[in-house]
1. How many residues are surrounded by fewer than 14 Cβ atoms within 10 Å (Cβ to Cβ) and within 14 Å of ligand 1 (Cβ to nearest atom) when one looks only at the range 262-315?
2. Give the range 186-209 a look and list any residue that's surrounded by fewer than 17 Cβ atoms within 10 Å (Cβ to Cβ) and touching a residue at least 12 places away in the same chain (Cβ under 8 Å), or say none.
3. How many residues does the range 215-261 contain that are within 14 Å of ligand 1 (Cβ to nearest atom) and out of contact with any helix residue (DSSP H, G or I) (no Cβ under 8 Å at 6 or more places or on another chain)?
4. Taking the condition of being surrounded by fewer than 17 Cβ atoms within 10 Å (Cβ to Cβ), closer than 26 Å to residue 190 by Cβ and within 26 Å of the chain's Cα centre (by Cα), how many residues in the range 153-171 meet it?
5. Suppose we filter the range 152-185 for residues that are in contact (Cβ under 8 Å) with a residue 24 or more places away in the chain and within 23 Å of residue 278 (Cα to Cα); how many remain?
6. If a residue has to be within 30 Å of residue 179 (Cβ to Cβ) and out of contact with any helix residue (DSSP H, G or I) (no Cβ under 7 Å at 6 or more places or on another chain) to count, how many in the range 131-159 make the cut?
7. So in the range 20-33, with the set limited to residues that are touching a residue at least 40 places away in the same chain (Cβ under 8 Å) and touching a helix residue (DSSP H, G or I) at 6+ places or on another chain (Cβ under 8 Å), which one is nearest to residue 120 (Cα to Cα)?
Ligand code: OOG
Ligand code: NI
């Protein structure tokens, strides 16, 4: 139907509405947004080449609106409803993250757009975790938590009706989209009234703070919204100057000439007043985070990254170890630090387009075409998350040293059963964007003989 607004437009409406709501609820988020805007402005002004590259790759526009958020759900039913809700906005489950290895009783996926054009319009993503009561040793407490969760409804009736309408008529009109976004927002709002007594809350906290966070409230309050910076080191050092206290270390890879994957830092969760059925108390849940995104690595590149990170963490834990940041800077030499080598060695994903230099009649290979300027390879932004970093963010913001040792037990099948769908394989998505773009560019340049 022609009078339907695109899922991309609904997603943009929604991400703006979420940002507005979070700014009103967590004033420091507003300060963080301003800081990132200033840092990005200064970085682009100081590096015209970077600005030109981002502009040519069509990435400058998305930067200002780019955010990710995170929620934690309690039941399979909730996860299924959230999948349907995000589906209306063109966000689909990508990747499986097992956090139990880090002592956090959840497993997760990221809802995000998957097509290149949609990512370019607005790459809004939501890291979505599902509580795993199966990992809780105290079975009586797990049963109680399940019972409490079974009584809440996190999506409004009207939102459910609009989701059904979108599915049956294949989209929403402008008016319906606006109403849908307003209704969807209700799911992610903060509720200062707990659904449980203080005693129950305390009992849940004792099992794990995360369980208390998921089980004690009316809904899955958005717990952070993260803007993307072009210089996270600068943002990190600016934070204290603006009255924001960052966590100690930046998660992920070190600063490099060529940014890879994802680097993240956050500020501590707020201690917020809560009414526990008439009794006063407080809860820490909501925080702020900044991230810097670099190029997506191929499975080969990612294996090098994971091995380097594992070694780094082992070294850092050893007695008398050098500082984490010194080890970090030294630790990733196995990954080349220039784009063309990353490309030629098949370590990172790219997106190809025709450049503005004429191609030779019949080039010998893709590398020559790139060297001549006829073909341009733009790095693909890493659109996903990193499990070790996510664990670090969870830990620092649960405001606890909880180190429960769950039996490490990835269970993607159980997650997908709860979701009611398979999660997409992020590597396959990057590979497809790469090969489609190469086919298009080579055809356009009259070099189709180079297509394998
Ligand atoms: C999610 C933490 C993970 C990230 O950016 O890695 C995350 C949570 O605390 O619910 O958001
Ligand atoms: Ni995050």
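Computed from the coordinates by the stated procedures, all read-outs in this text should not be read as laboratory data. Only a predicted model underlies this, so the values are computations on that prediction, with no experimental measurement involved. Heads up, the Cβs are rebuilt from the backbone with ideal geometry, glycines too, and the neighbour counts pull from every protein chain shown.
1. Residues meeting the conditions: 0.
2. Filtering the range 186-209 for residues surrounded by fewer than 17 Cβ atoms within 10 Å (Cβ to Cβ) gives 186, 189, 191-193, 197, 199, 202, 206.
Within the range 186-209, 186, 189, 191, 192, 193, 197 meet the criteria.
3. Residues flagged as within 14 Å of ligand 1 (Cβ to nearest atom) and out of contact with any helix residue (DSSP H, G or I) (no Cβ under 8 Å at 6 or more places or on another chain) within the range 215-261 amount to 3.
4. Applying the first criterion (surrounded by fewer than 17 Cβ atoms within 10 Å (Cβ to Cβ)) to the range 153-171 yields 153, 156-158, 160-161, 164-165, 167-170.
Okay, now just the ones that are also closer than 26 Å to residue 190 by Cβ, so 153, 156-158, 160-161.
If we keep only those that are within 26 Å of the chain's Cα centre (by Cα) as well, we get 153, 156, 160.
Final tally of qualifying residues: 3.
5. Just the residues of the range 152-185 that are in contact (Cβ under 8 Å) with a residue 24 or more places away in the chain, to begin with: 152, 154-156, 158-160, 162-163, 166-167, 169-174, 177-178, 180-185.
In the following step, the residues that additionally are within 23 Å of residue 278 (Cα to Cα) were identified as 152, 154.
Residues meeting the conditions: 2.
6. Counting residues in the range 131-159 that are within 30 Å of residue 179 (Cβ to Cβ) and out of contact with any helix residue (DSSP H, G or I) (no Cβ under 7 Å at 6 or more places or on another chain) gives 5.
7. Step one: list which residues in the range 20-33 are touching a residue at least 40 places away in the same chain (Cβ under 8 Å), which gives 21-22, 25-26, 28-29, 31-33.
In the following step, the residues that additionally are touching a helix residue (DSSP H, G or I) at 6+ places or on another chain (Cβ under 8 Å) were identified as 21-22, 29, 31, 33.
Details: 21: 24, 22: 23, 29: 24, 31: 26, 33: 20 Å.
Filtering the range 20-33 for residues that are touching a residue at least 40 places away in the same chain (Cβ under 8 Å) and touching a helix residue (DSSP H, G or I) at 6+ places or on another chain (Cβ under 8 Å), the one nearest to residue 120 (Cα to Cα) comes out as 33.
For every residue, the table says whether it meets (1) in a helix (DSSP H, G or I); (2) surrounded by fewer than 16 Cβ atoms within 10 Å (Cβ to Cβ); (3) more than 16 Å from ligand 2 (Cβ to nearest atom).
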{"site": "18", "(1), (2), (3)": "yes, no, no"}
{"site": "23", "(1), (2), (3)": "yes, no, yes"}
{"site": "31", "(1), (2), (3)": "yes, no, yes"}
{"site": "35", "(1), (2), (3)": "yes, no, yes"}
{"site": "39", "(1), (2), (3)": "yes, no, yes"}
{"site": "52", "(1), (2), (3)": "yes, yes, yes"}
{"site": "70", "(1), (2), (3)": "no, no, no"}
{"site": "77", "(1), (2), (3)": "yes, no, yes"}
{"site": "86", "(1), (2), (3)": "yes, no, yes"}
